[in-house]
Each structure stands twice: as structure tokens, then as C-alpha cells.
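The values are calculated or read from the model by the stated rules, or taken from the named source; none is laboratory data. Keep in mind that what you see is a predicted model, and the values were worked out from it rather than measured. As a convention, Cβ positions derive from the backbone with ideal geometry for all residues, glycine included, and neighbour counts pool all protein chains shown. Just the protein is used for accessible areas: all its heavy atoms, side chains included, with ligands, DNA and RNA removed. Shrake-Rupley method; radii C 1.70, N 1.55, O 1.52, S 1.80 Å.
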Amino acid sequence: MRAILPVASVDTAGLPPAERFDFWQDLVARESVPARISSAHTLDFTASARVVELGVVRLAVWQYPSLELHRTSRMIRSTDPELYQLALPLSGHGGVSQGRRAGPLGPSGFALIDTARPHGSTHRPDGPGDALLRTITALVPRAALPLPAHRLDALLAAEIPATTGMGLLLAQILRQVATHPEQYAPADAPHLDRAVLDLLTGALASRLDLEPALPAEVRATGLRTGVEAFVQRHLADPELTPAAVAEAYHVSLRSLHRSFEGTGTTIAALIRTRRLERCFRDLTDPRLAHLTVHEVAARCGFRDRAHFSRAFRTAYGLSPREHRERAGRD
């Protein structure tokens, strides 16, 4: 069986209703930072969490009913892990406050919090039919961000857009990794960790007009990460080429190629490899057994049958048909 990223998952549904809320408060304190939580659902607090450790960054997906959260000075004095917490709600609405600043809480933007200072937040569903809320959080040591702390203060509790620029790329990778950690191997963790840190740094720097001061590698990582996500979403498009990717990101083809220098691959090789990987997986998917080999290949953007067969054999040492038949015998 293929190894996947280590993930810790917890669900209060297996506990007696009277014990769920206290358990949840303890979980938040252990996996995030201690906070005082209140909710109209304390008598039956149905909630779940998934935590993914990447290395420096700790990602989590939280699902819960409406609540209010406050981290007090007393809690900070007893435990100060010196972290920034970035929160991206996937549903609902609310607000976040820290110091004299207050901002909205919703799917269109991130909220940045310094855990070493008192703060509070509220989060509620958009309508009565939305029972549970979902939020992705990233905990990052303050020392891991190469940006002046006094400049970052201006972004605390402010909305950081998650729909454009580096913020969009950051949102995409957080959603992908936090909600589908099974798609990654443990060896991917350091690369994902670096990508999240660089994208987070880039997203914050862009709000502070500090992008020119960022190391070139940080900027290149941001572009590469976005390109990889773009490629993954458009594999089925036979017109997906390096030139098409460069046009989508409004950069020159030369700049796109340069961003992949030193990575051991090229944008063309990335597209080919991702297409082959998807074909390799889809050919053994029982739900796609009704499709021919070449129909599966077409779903992954391969138009030329002979080219696909040669590329598949070169990559995996057997033909696509042999791979499908061997999987059926196992």
C-alpha cells in the first residue's frame, strides 16, 4: 500500500453528547492554542478535525457548529508558542478582532492572527440550512516568516484576499493538501511545507508592498506552485502546453521556463508526467472500467494513441493495457 502523509483525524460523534464540547475545547488547545470557546450547541457539539503536519507548518481542517472564540491574556501568559495563525473559512461568515483592529471572516479572504496577543472571533452559518461550518487553518512559527514583525502587525485581523494573486495560489494549495492529504506521500511533506511558507510570505508581502524585497526563490516557488495547481486542473485539455500556461499566468514563456530551473524538471515534463500519473491511476479505477484504454488517455489530454502508448511504456515499463490487466488480476 502506498504511504501517505501522516494525518490525525478526530470526530466528536463517537462520544456521548454531554462530553463533546469539553473534548473539543481540549482538542483546540492541543492542536492549535488554548482559547475560551462558547456556542449555542454545547449540549450536543458535533464537530470534527483533521490535522496534517508538514514540518514547519501545521495544517488543519475544522468542522463545527456556530461558535465564538476568545484567547485571553491569562491564556497567553500560561502558554505562548509564538505562532501566527492563518484562517480561511470555507463557509459561513463572522468577524475577527485583535487589538484595535477588526475584520470580516468569510471564504473570500484569510484572517491573520498573532497567537501571542489577545484576540477573538465569531463564526456563524450563512443560513438555517447550513448546520456545520468548515475552516482551514495554518499555524506557522513567527520566526519562519522572513518579513518584519512590525510590518505584519498592520495585517492582523485584516482580510487578506484569497481570490486573486498569491492569496489565490495559497488558498488553492491549502485546500488541496488539507482536504486531500491522501494524494501525497510522506516524502512530499518538505516540498509542500516550503511551498506553503513561500506562498504565505508572498501573499503577505504583496499586501505590504514588500514583494521586490523577497528572495527570488520565494517568488519562483509561488509561480511554480500556482502552475502545478493549474496543470493539475487542466490535464484533460489537449491544448495544455507551456505556452498556454504562460499566457494564463501573464508571464513570458522564458520566465516560466526560468522558474523551473534547478528543479530537475521542465514545464513540458511536468504536464506529461502528471498526465501519465492520472492515466496510471484511472486505468485501474473500477468506476472507469467501461472506458477503453484510449478513452482513458483522452480524458487525460492525450490525443495521439501511439505517442501515449510509447510514453506510458517508457515511464512504467509496460503497456497501458498490460497495466490494466495486471491490476485486474491482483
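Below, the figures for the structure above:
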{"read-out": "Hits in segment 30-60 (condition: free of Cβ contacts under 8 Å to residues at least 40 places away in the same chain, within 21 Å of ALA116 (Cβ to Cβ) and either surrounded by 20 or more Cβ atoms within 10 Å (Cβ to Cβ) or among the hydrophobic types (A, V, I, L, M, F, W, C) (or both))", "value": "ILE37"}
{"read-out": "Criterion: open to solvent by 50 Å² or more (accessible area, probe 1.4 Å), of a type in the set (D, E, K, R) and closer than 29 Å to ALA149 by Cα - qualifying residue of ARG77, ARG71", "value": "ARG77"}
{"read-out": "Tally of residues being under 17 Å from THR163 (Cα atoms) and either at pLDDT 95 or above or open to solvent by less than 40 Å² (accessible area, probe 1.4 Å) (or both) across segment 108-124", "value": "4"}
{"read-out": "Helices (runs of 4 or more DSSP H) contained entirely in segment 131-247, each with at least 3 residues that are buried (at least 18 other Cβ atoms within 10 Å of the Cβ) and of a type outside the set (Phe, Trp, Tyr)", "value": "165-179, 189-207, 216-233"}
{"read-out": "Candidate set: segment 305-330, residues that are polar (S, T, N, Q) and part of a helix (DSSP H, G or I); chosen: the one surrounded by the most Cβ atoms within 10 Å (Cβ to Cβ)", "value": "SER309"}
{"read-out": "The listed residue being on the phi < 0 side of the Ramachandran plot and either outside any strand (DSSP E or B) or surrounded by fewer than 16 Cβ atoms within 10 Å (Cβ to Cβ) (or both), out of GLY127, GLY95, GLY103", "value": "GLY127"}
{"read-out": "Candidate set: segment 255-303, residues that are among the β-branched types (Val, Ile, Thr) and assigned to a helix (DSSP H, G or I); chosen: the one surrounded by the fewest Cβ atoms within 10 Å (Cβ to Cβ)", "value": "THR273"}
{"read-out": "Some residue of segment 12-21 being acidic (Asp, Glu), in contact with a strand residue (DSSP E or B) (Cβ under 6 Å, 6 or more places away or on another chain) and surrounded by fewer than 17 Cβ atoms within 10 Å (Cβ to Cβ)", "value": "no"}
